[in-house]
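Derivation of every value follows stated rules applied to the coordinates shown; laboratory data play no part. Bear in mind the structure is a predicted one, so any value in this text is a computation, not a measurement. FYI the Cβ positions are ideal-geometry reconstructions off the backbone, even for glycines, and counts take in every protein chain you see.
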Amino acid sequence: MQGYIPATTARVDLALTHNVPTFIQVLSVITQEMQVEAAIVAQEIIEKNPELHEVIREHLQQLEQHQGNTIALHYVSHEAFKMQSGQNSAVFRSGECSPYANIILCAGVTF
């Protein structure tokens with residue numbers, strides 16, 4: 001099963017070259033400009049990319065403190081993640097080359 005991103009979904013390609021910018025660099029900038037209520041990652045990240053998984057968890061915890069809210073972190077299969085990505089308002093591509101370096105951010109309002 002392939003992930004499907006409709007042509008109507010905004011796509012922002014930030015990749016310049018291998019690992020530039022990194023996933024975390026892009027995540028850090030994007031989350032400065034939005035209120036995050038929840039995040040979704042593929043459950044495979046826990047085993048296949050544990051270092052990045054831990055960095056994501058730490059980033060979300062820091063973001064919770066900054067925003068003053070609780071951010072739920074949900075885990076779904078990679079196949080379910082790809083299907084969900086087709087329902088997103090926008091997709092941002094970093095230069096990251098490590099496995100499962102993807103996240104869906106569920107936005108709230110900042111006012």
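A compact table of results
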quantity	calculated
Extreme residue, surrounded by the fewest Cβ atoms within 10 Å (Cβ to Cβ), among residues of segment 102-111 that are closer than 19 Å to GLN32 by Cβ and touching a Ser or Thr at 6+ places or on another chain (Cβ under 9 Å)	ALA107
Some residue of segment 7-20 being under 14 Å from the mean Cα position of the chain (by Cα) and in a helix (DSSP H, G or I)	no
Number of positions in segment 56-79 that are surrounded by fewer than 16 Cβ atoms within 10 Å (Cβ to Cβ), part of a helix (DSSP H, G or I) and either free of Cβ contacts under 8 Å to residues at least 40 places away in the same chain or among the basic types (Lys, Arg) (or both)	7
Tally of residues being among the polar types (S, T, N, Q) and loosely packed, with under 15 Cβ neighbours inside 10 Å across segment 20-55	2
Options ALA90, ALA101; residue that is under 15 Å from PRO50 (Cα atoms), within 13 Å of the chain's Cα centre (by Cα) and small (Gly, Ala, Ser)	ALA101
Options LEU73, LEU60, LEU14, LEU52; residue that is in contact with a Ser or Thr (Cβ under 7 Å, 6 or more places away or on another chain) and farther than 12 Å from ALA101 by Cβ	LEU14
